[in-house]
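Note sheet for the following structure.
The values are calculated or read from the model by the stated rules, or taken from the named source; none is laboratory data. Everything quoted here is computed from the prediction, not taken from an experiment. Here the Cβ positions follow ideal geometry from the backbone for every residue, glycine too, while neighbour counts run over all protein chains shown. Ligands, DNA and RNA are excluded from the accessible area calculation, which covers all protein heavy atoms including side chains. Shrake-Rupley method; radii C 1.70, N 1.55, O 1.52, S 1.80 Å.
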Amino acid sequence: MNTYKLVLPDEYYEYMREAGKLLDENFNLPLTDPKRKENLLKVEQLHAKALAVKESVLNKDGGAKQ
């Protein structure tokens, strides 16, 4: 049985790290702070960018390396 590993570019991980930082920041903000909503919108955009990078890798060559 072959085992494959998905190899993603650094760009994907940068987007995910930035999203994580924004979520951490939200955790420390009061619930009524309008910045929470801004941060969540940015997180959503970063996740969409990361997903687009992942999809492009998968569509390009299968993205799997042995």
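Looking across region 1-11, the residues that are touching a residue at least 24 places away in the same chain (Cβ under 8 Å), open to solvent by 100 Å² or more (accessible area, probe 1.4 Å) and not β-branched (V, I, T) come down to Y4, K5. Taking the conditions exactly as written (open to solvent by 90 Å² or more (accessible area, probe 1.4 Å) and under 12 Å from the mean Cα position of the chain (by Cα)), does E14 satisfy them or not? So E14 fits the description; yes. When region 17-44 is limited to residues that are surrounded by 13 or more Cβ atoms within 10 Å (Cβ to Cβ) and of a type in the set (S, T, N, Q), the one that is farthest from V7 (Cα to Cα) turns out to be N26. When the criteria are applied in full, K49 meets the requirement of being among the charged types (D, E, K, R), touching a helix residue (DSSP H, G or I) at 6+ places or on another chain (Cβ under 6 Å) and open to solvent by 100 Å² or more (accessible area, probe 1.4 Å).
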